[in-house]
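In what follows, a single structure is set out as structure tokens and then discussed.
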Amino acid sequence: MKPVLRFLLPILALLPVVTAQVKITSGPEKVSVEIDGKPFTDFFVAGAEVTKPYLHPLRAASGTYVTRMWPMAEVAGEPTDHKHQRGLWFAHAKVNELDFWNNEASYTTKNRGRIALKKLGAVKSGKDQGSIQATFEWMDMAGAIVLTESRLMTFRKEGDLRMVDFDITLTAVVPSTFHDEKDGVFGLRIRPDLQEQKHSGKIVNAEGLETEKAVWGKPSNWVDYSGDVSGEKLGIAIFDHPGNPRHPVRWHVRGYGLFAANPFGLAVFTGDKTKSGSMTLMPKDSLRFRYRVVIHPGDAAAAHLPELYTKYEATK
């Protein structure tokens, strides 16, 4: 053994082993994300009941989950409405004549579409962040492709904050019209303890408007949904990137727990049928969407969301 190596070995043995603190592990039907050795979320991409990809559940730094468990798991007291609202998802209720939002495998409604995994790309773990790349195809039930989706999700830890950045590009394969519908586009389902109806939930937007009645259908840079879970005050915010189509986006946020950003809703939100939020892509045309989800302790004020959004809007 060389003298220098003999000298270094005892020193190296004393150094701490550096492991990924944001660890991402691929499986055949889902990709698992751990932060600091604790589960954060799973990304479901395939399987008999996966008609669109979704994250489930999302958790705070404390480990408390903030999205509804049902229908993936049964929890006493959780409502069982809107089975298609699984965790966090990205879809729309009417692209051409296809519904990619209300599209459970068990539903029998006509014109359901599905979003199927084409390829799972790079999966990276890291000290403070990790990422998942994937490509999906939006198709009808017979397999005819309407759109392709390229997605990059970056999972971050920053103190007691947990953040996920979404960078999604949709490219048309055939002429594709996103119709003016309320059920779209970037959505999640809050756990019951945090919802406004019958529980502690508080909905607030960047302008300081509060409650579903004041915030629903209004344009805003961000919206936050916070409340109390067994004495723990926490919340989840969605940031709309300034480069997104029709920024600031309008919000389809409900007291029963639905929380969604929808750039294609205009007449449906304003009641003015002379206006339309519909948008058409010709083949090879693309739309890029970026969002940040922030899971935080306390309410919007305690989490300093205006300052966090200022940092986010500076990202390219």
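What follows draws every value from the coordinates through simple rules; no lab data is involved. Quick caveat: nothing in here was measured; it's all calculated off a predicted structure. All Cβ positions, glycine included, derive from the backbone under ideal geometry; neighbour counts span all protein chains shown.
Taking only C-alpha pairs under 8 Å that are 6+ residues apart, what is the relative contact order of segment 42-139 in percent?
Reported as a whole number, the value is 22 percent.
What order do you get for Thr51, Thr274, Thr169 when you list them from fewest to most C-beta neighbours inside 10 Å?
Ranking Thr51, Thr274, Thr169 by Cβ neighbours within 10 Å, fewest first, gives Thr274, Thr169, Thr51.
Amide H neighbours of Asp285 under 5 Å, at least 5 residues apart or on other chains, H built in the peptide plane: list them.
Ala172
How long is the gain from Tyr107 to Glu74 if the chain were fully straight, where each residue apart is worth 0.36 nm and the alpha carbon distance is subtracted?
Gain on stretching Tyr107 to Glu74: 9.9 nm.
Express in nm, to one decimal, how much length is gained between Thr270 and Ala214 on full extension, taking 0.36 nm for each residue of separation and deducting their alpha carbon distance.
18.9 nm
Taking K and R as +1 and D and E as -1, what net charge do the other residues with C-beta under 15 Å from the C-beta of Glu78 add up to?
+3
Expressed as an acute angle from 0 to 90° and rounded to the nearest 10, what is the orientation of the C-alpha long axis of helix 3-14 relative to the principal long axis of the chain?
50
Restricting the calculation to Cα positions, tell me the Rg (one decimal) and the Dmax (whole number) of segment 19-313 in Å.
Values for segment 19-313 (Cα only, Rg and Dmax): 17.9, 57 Å.
Within the set of other residues whose C-beta is less than 12 Å from the C-beta of Tyr65, count the net charge using Lys and Arg as +1 and Asp and Glu as -1.
Every neighbour counted, the sum reads +2.
Which trypsin sites (Lys or Arg not before Pro) from segment 68-160 combine a DSSP loop assignment with at most 14 other Cβ atoms within 10 Å?
Sites meeting the loop and neighbour criteria: Lys83, Lys110, Lys127.
Given R₀ = 51 Å, what would the calculated FRET efficiency be for Ala20 paired with Asp140, taking r from the Cβ atoms and rounding to 0.05?
Efficiency, rounded to the nearest 0.05: 0.80.
Nearest 500 deg cm²/dmol is fine: what mean residue ellipticity at 222 nm does the chain get from its DSSP H runs of n ≥ 4 alone, each adding -39,500 (n - 2.57), divided by its residue count?
Taken over the chain, the calculation gives -2500 deg cm²/dmol.
How far apart, in nm, are the 7 Å Cα→Cβ label points at Lys127 and Ser62?
2.9
Taking 2.2 N^0.38 Å as the expected size of a compact globular protein, what ratio does the Cα radius of gyration of segment 63-139 give against it, to two decimals?
For segment 63-139, the normalised Cα radius of gyration is 1.37.
Could you pull out the chymotrypsin sites (Phe, Trp or Tyr not before Pro) across segment 73-170 that fall in loop regions by DSSP (anything but H, G, I, E, B) with no more than 14 other Cβ atoms inside 10 Å?
Sites meeting the loop and neighbour criteria: Tyr107.
If we count other beta carbons within 10 Å of each Cβ, what is the order of Leu170, Leu308, Leu120, fewest first?
Ascending number of Cβ neighbours within 10 Å: Leu120, Leu308, Leu170.
Can you pick out the pairs among Lys94/Lys157; Lys198/Lys275; Lys30/Lys94; Lys182/Lys316 whose Cα atoms lie more than 32 Å from each other?
Lys94/Lys157; Lys198/Lys275
Measuring from centroid to centroid over Cα atoms, what is the spacing of segment 76-137 and segment 189-210 in Å?
23
Over the chain, what is the relative contact order in percent, taking alpha-carbon pairs closer than 8 angstrom and at least six residues apart?
15
As a footprinting exposure proxy, order Tyr225, Tyr309 by other Cβ within 10 Å, with the fewest listed first.
Least to most surrounded, the residues fall as Tyr309, Tyr225.
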